[in-house]
Amino acid sequence: MPRPLLGAALVAFLACRPTPPQDHQPERAATAVTTPQEEPDTTPPADVSHGEAPIGGPAAEPAPRLARLEPAERTRLHRVRLEMKHAPVPIAPGVTYAAWTFGGTVPGPVLHVRAGDTVDFTLVNRANIPHSMDFHAAEIAPSKYYTNVMPGDSLHYRFVARVPGAFMYHCGTAPVAMHIANGMYGALIVDPATPRPKARELVLVQSEFYLSGKPDQEGNQSLDWQKLLGQAPDHIVFNGRAGQYASHPIDARPNELIRIYLVNAGPNRISSFHVVGGIFERVFEDGSQANPLVGVQTVNVPVGGGGIFEVRLREPGDYPFVTHAFADATKGGVGVLRASGGEGVSSRR
């Protein structure tokens, strides 16, 4: 039989092969060989290669936040007040999560200052358990400032953001993995004293959700601790929702300089950041300003780390951005930059 016909016949046979009755199937480990019904559907879900999620067309739900980085306020003293509270948040189409939050959103609000600015910070605990704050951009004694804040209490301190870069902030209360996995993280962007070249600036915070599969009375999912310890997330997200920028592409212009501040909140998965169809002109790892990577395709951002990525989209079209660990991209770690010259909901200026 010719090879193409043989392959087609094999596919047809596998598709039609009967499955043993459920009550006669032995219990299997998660790594056992799957039945044909459990094999992944290889039909491309997106209308562009590497998209991993539907791109364009009607969207079932609006994107929860803009990716655009707002300009830093023209002041040397930034008064920041964050209230910690537990609140449901959407994390995927049709899925809400009983999150622990800074300010009621996951991730928390993006903070933007310049090198040398002072952050006057107040933390208020509106939740029913202790929480805290750890700023990766601050150089202060954790034993003095990263202490637990009890329910109904508050904490106030100041620090100077000396080092430019893309930094994570997060709750540092033990177990830290639980507090981060439940949504207590965000990005603090510190500009250098000498402004960077003008660009369309975006902030992406990558993170993970581990679902128990047992919704509460309001239908909200919660954390599965064993999945977290096993590093088996259900969703990998940018800015809190799986695939939101695939259904809501971020608009840009051809040949416009795009600067992406990426923070990887984890708590477990490395981000192998890549723009399909683009090559990064420069990449600044964490807060480093010297010797940027030049002309690179994919750069790892460790858990708890950050990076600054500069890229131009050379012609009109859709350019997916992903974590190039494609199991994670398939779980929602994907979005699209759309080079069209228009102004979109995710990147208005």
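The values are calculated or read from the model by the stated rules, or taken from the named source; none is laboratory data. Just so you know, these numbers come straight off a predicted model, no measurement behind them. Glycine also receives a Cβ, built like all others from the backbone with ideal geometry; neighbour counts cover every protein chain displayed. Remember, those area values only see protein heavy atoms, side chains included, never the ligands or the DNA or RNA. Shrake-Rupley method; radii C 1.70, N 1.55, O 1.52, S 1.80 Å.
The set of residues from the stretch 292-349 being at pLDDT 95 or above, farther than 26 Å from residue 183 by Cα and among the hydroxyl-bearing types (Ser, Thr, Tyr) comprises 298, 319.
Within the stretch 273-308, can you find the residues that are open to solvent by 20 Å² or more (accessible area, probe 1.4 Å) and within 13 Å of the chain's Cα centre (by Cα)? Selection gives 302, 303, 304. Within the stretch 115-134, the residues that satisfy the criterion of being in a loop (DSSP other than H, G, I, E, B) and buried (at least 17 other Cβ atoms within 10 Å of the Cβ) are 115, 127, 130, 132, 133. Within the stretch 160-178, can one find any residue that is touching a strand residue (DSSP E or B) at 6+ places or on another chain (Cβ under 8 Å), over 26 Å from residue 227 (Cα atoms), of a type in the set (A, V, I, L, M, F, W, C) and free of Cβ contacts under 8 Å to residues at least 60 places away in the same chain? Within the stretch 160-178, one or more residues are touching a strand residue (DSSP E or B) at 6+ places or on another chain (Cβ under 8 Å), over 26 Å from residue 227 (Cα atoms), of a type in the set (A, V, I, L, M, F, W, C) and free of Cβ contacts under 8 Å to residues at least 60 places away in the same chain.
Within the stretch 99-114, the set of residues being in contact (Cβ under 8 Å) with a residue 60 or more places away in the chain and surrounded by fewer than 18 Cβ atoms within 10 Å (Cβ to Cβ) comprises 105, 109. Of the set (1) under 30 Å from residue 198 (Cα atoms); (2) in contact with a helix residue (DSSP H, G or I) (Cβ under 9 Å, 6 or more places away or on another chain), all apply to residue 208 but (1).
Checking 224, 251, 234 one by one, the residue that is of a type in the set (Asp, Glu) and within 17 Å of residue 100 (Cβ to Cβ) is 224 and no other.
Could you tell me whether any residue of the stretch 107-130 is small (Gly, Ala, Ser) and under 19 Å from residue 244 (Cβ atoms)?
Of all residues in the stretch 107-130, those small (Gly, Ala, Ser) come to 108, 115-116, 127.
Still in the running and under 19 Å from residue 244 (Cβ atoms): 108.
Checked the stretch 107-130: at least one residue is small (Gly, Ala, Ser) and under 19 Å from residue 244 (Cβ atoms).
Okay, residues lined up against (1) among the hydroxyl-bearing types (Ser, Thr, Tyr); (2) out of contact with any Asp or Glu (no Cβ under 9 Å at 6 or more places or on another chain):
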residue: 216; (1), (2): no, yes
residue: 219; (1), (2): no, yes
residue: 237; (1), (2): no, no
residue: 245; (1), (2): yes, yes
residue: 257; (1), (2): no, no
residue: 261; (1), (2): yes, no
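The residue that is nearest to residue 327 (Cα to Cα), among those in the stretch 212-260 that are open to solvent by 20 Å² or more (accessible area, probe 1.4 Å) and assigned to a helix (DSSP H, G or I), is 227.
Would you call residue 287 small (Gly, Ala, Ser) and not in a loop (DSSP other than H, G, I, E, B)?
Working: small (Gly, Ala, Ser): yes; not in a loop (DSSP other than H, G, I, E, B): no.
Here the answer is no, as residue 287 does not meet what is asked.
Yes or no: the stretch 9-24 includes at least one residue that is within 30 Å of residue 201 (Cα to Cα), at pLDDT below 55 and surrounded by fewer than 17 Cβ atoms within 10 Å (Cβ to Cβ). So that I can check it myself, show each step before the final result.
Keep residues of the stretch 9-24 that are within 30 Å of residue 201 (Cα to Cα), which gives none.
Within the stretch 9-24 (the criterion being within 30 Å of residue 201 (Cα to Cα), at pLDDT below 55 and surrounded by fewer than 17 Cβ atoms within 10 Å (Cβ to Cβ)), the answer is no, since none of the residues qualifies.
Scanning the stretch 135-172 for residues that are touching a Leu at 6+ places or on another chain (Cβ under 8 Å) and open to solvent by 80 Å² or more (accessible area, probe 1.4 Å) returns a single hit, 156. Taken over the stretch 197-211, the criterion of being assigned to a loop (DSSP other than H, G, I, E, B) and either under 28 Å from residue 86 (Cα atoms) or open to solvent by 40 Å² or more (accessible area, probe 1.4 Å) (or both) is satisfied by 197, 198, 210. The set of residues in the stretch 102-114 that are within 19 Å of residue 204 (Cβ to Cβ), of a type outside the set (A, V, I, L, M) and part of a loop (DSSP other than H, G, I, E, B) comprises 103, 107, 108, 109.
Okay, residues lined up against (1) modelled with pLDDT of 95 or more; (2) in a strand (DSSP E or B); (3) among the aromatic types (Phe, Trp, Tyr):
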residue: 140; (1), (2), (3): yes, no, no
residue: 166; (1), (2), (3): yes, yes, no
residue: 169; (1), (2), (3): yes, yes, yes
residue: 186; (1), (2), (3): yes, yes, no
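When 261, 169 are screened for being touching a Phe, Trp or Tyr at 6+ places or on another chain (Cβ under 7 Å) and not aliphatic (A, V, I, L, M), only 169 passes.
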